[in-house]
Amino acid sequence: MKRSISIICAVILSLGALIQAVHAVPIDPAAPSSLTVQYSYDGKVYPDLEIKTYRIASVAPDGSIDLTEDFAKYPVNIHGITSQSEWKQIAYTLAAYIEADALAPTALGKTNASGTVTFNGILPGMYLTLAVRVDDEKAVILFENFLTMIPTINENGTLDYNVAAYPKREAYTPTEKTVVYK
């Protein structure tokens, strides 16, 4: 009886693994992809913002990622990351290297009248989109650096090569206080 239960459990586990393997779809590293980013805050949209995005990592069919040639020379580790704060630190570190070395973006665009920019014809991988500062009438809006993985898995469990992103933003009111350094 115990042997029969063990065999049944083994068969069920094997079938589960087989079903997962059949439904697992490998990533196509050459699939035409897009990234659409919306720049809005508190009901207001921001047209004509210059947006830069950089492909920092390529993706293999099994989903593993490796830094691209432009970014592999920097002392940044993208493996084994377990927290959002670590990813945020990586984004800000790479943004500093981009600024220091004046790296050319993978894609460059401007937001349209609805505050949206779409980068079409990009390859799957991990992208870093740089922060943008907007001086509004009443406040300064800062859209933060952010990382996006293409493709993503949608709610149907399939791969989506056309990804939409909404950067985190922060508003603050600058002070009128003047600081003099000597």
With the checklist (1) assigned to a strand (DSSP E or B); (2) of a type in the set (A, V, I, L, M); (3) under 28 Å from PRO174 (Cβ atoms) in hand, flag the one item ALA113 doesn't pass. (1)
What's the total number of residues in region 98-111 that are exposed (fewer than 14 other Cβ atoms within 10 Å of the Cβ) and not aliphatic (A, V, I, L, M)? 3
Listed by first then second residue, the pairs whose first member lies in region 65-94 and is part of a helix (DSSP H, G or I), whose partner is polar (S, T, N, Q), with beta carbons under 9 Å and at least 6 positions apart or on separate chains, are ASP70/THR106; LYS88/ASN145; ILE90/ASN77; ALA91/THR129; ALA91/ASN145; TYR92/ASN145; LEU94/ASN145
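Of the residues that sit in region 156-182 and are among the charged types (D, E, K, R) and modelled with pLDDT of 90 or more, which one is nearest to ILE27 (Cα to Cα)?
Of everything passing the filter in region 156-182, ASP160 is nearest to ILE27 (Cα to Cα).
Out of region 87-111, which residues are of a type in the set (D, E, K, R) and either touching a helix residue (DSSP H, G or I) at 6+ places or on another chain (Cβ under 6 Å) or within 14 Å of LEU128 (Cβ to Cβ) (or both)?
Narrowing region 87-111 to residues of a type in the set (D, E, K, R): 88, 99, 101, 110.
Selection gives LYS88, GLU99, ASP101.
Based on what the data block shows, is LYS110 touching a residue at least 40 places away in the same chain (Cβ under 8 Å) and under 20 Å from TYR41 (Cα atoms)? Give the derivation first.
Values: touching a residue at least 40 places away in the same chain (Cβ under 8 Å): yes; under 20 Å from TYR41 (Cα atoms): yes.
Against the criterion (touching a residue at least 40 places away in the same chain (Cβ under 8 Å) and under 20 Å from TYR41 (Cα atoms)), LYS110 qualifies.
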Listed by first then second residue, the pairs whose first member lies in region 26-54 and is within 20 Å of GLY115 (Cα to Cα) and among the basic types (Lys, Arg), whose partner is outside any loop (DSSP other than H, G, I, E, B) and open to solvent by less than 60 Å² (accessible area, probe 1.4 Å), with beta carbons under 8 Å and at least 6 positions apart or on separate chains, are LYS52/ALA107; LYS52/THR129
Residue ID - nearest to LYS168 (Cα to Cα), chosen from residues in region 77-97 that are surrounded by 11 or more Cβ atoms within 10 Å (Cβ to Cβ) and more than 16 Å from the chain's Cα centre (by Cα): ALA96
Here the residues within region 137-182 that are surrounded by 10 or more Cβ atoms within 10 Å (Cβ to Cβ), assigned to a loop (DSSP other than H, G, I, E, B) and over 20 Å from the mean Cα position of the chain (by Cα) are ALA139
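Residues to consider are ASP48, ASP66, ASP28; find the one that is modelled with pLDDT of 95 or more, open to solvent by 40 Å² or more (accessible area, probe 1.4 Å) and in contact with a helix residue (DSSP H, G or I) (Cβ under 8 Å, 6 or more places away or on another chain).
Working: ASP48 fails: in contact with a helix residue (DSSP H, G or I) (Cβ under 8 Å, 6 or more places away or on another chain); ASP28 fails: in contact with a helix residue (DSSP H, G or I) (Cβ under 8 Å, 6 or more places away or on another chain).
Answer to the selection: ASP66.
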Considering only residues that are at pLDDT 95 or above and either assigned to a loop (DSSP other than H, G, I, E, B) or in contact with a Gly (Cβ under 7 Å, 6 or more places away or on another chain) (or both), which ones fall in region 119-136? PHE119, LEU123, PRO124, LEU130, ALA131
Run GLY121 past the list (1) over 25 Å from LEU159 (Cα atoms); (2) touching a residue at least 60 places away in the same chain (Cβ under 8 Å); (3) loosely packed, with under 15 Cβ neighbours inside 10 Å; (4) among the small types (Gly, Ala, Ser) and report the number of the one that doesn't hold. (1)
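The values are calculated or read from the model by the stated rules, or taken from the named source; none is laboratory data. Note that the coordinates shown come from a computational prediction; the quantities given were computed from them, not determined experimentally. Neighbour counts are summed over all protein chains in view; Cβ atoms, including those assigned to glycine, are modelled from backbone coordinates with ideal geometry. In case anyone asks, the SASA skips ligands and DNA or RNA and just uses the protein heavy atoms, side chains included. Shrake-Rupley method; radii C 1.70, N 1.55, O 1.52, S 1.80 Å.
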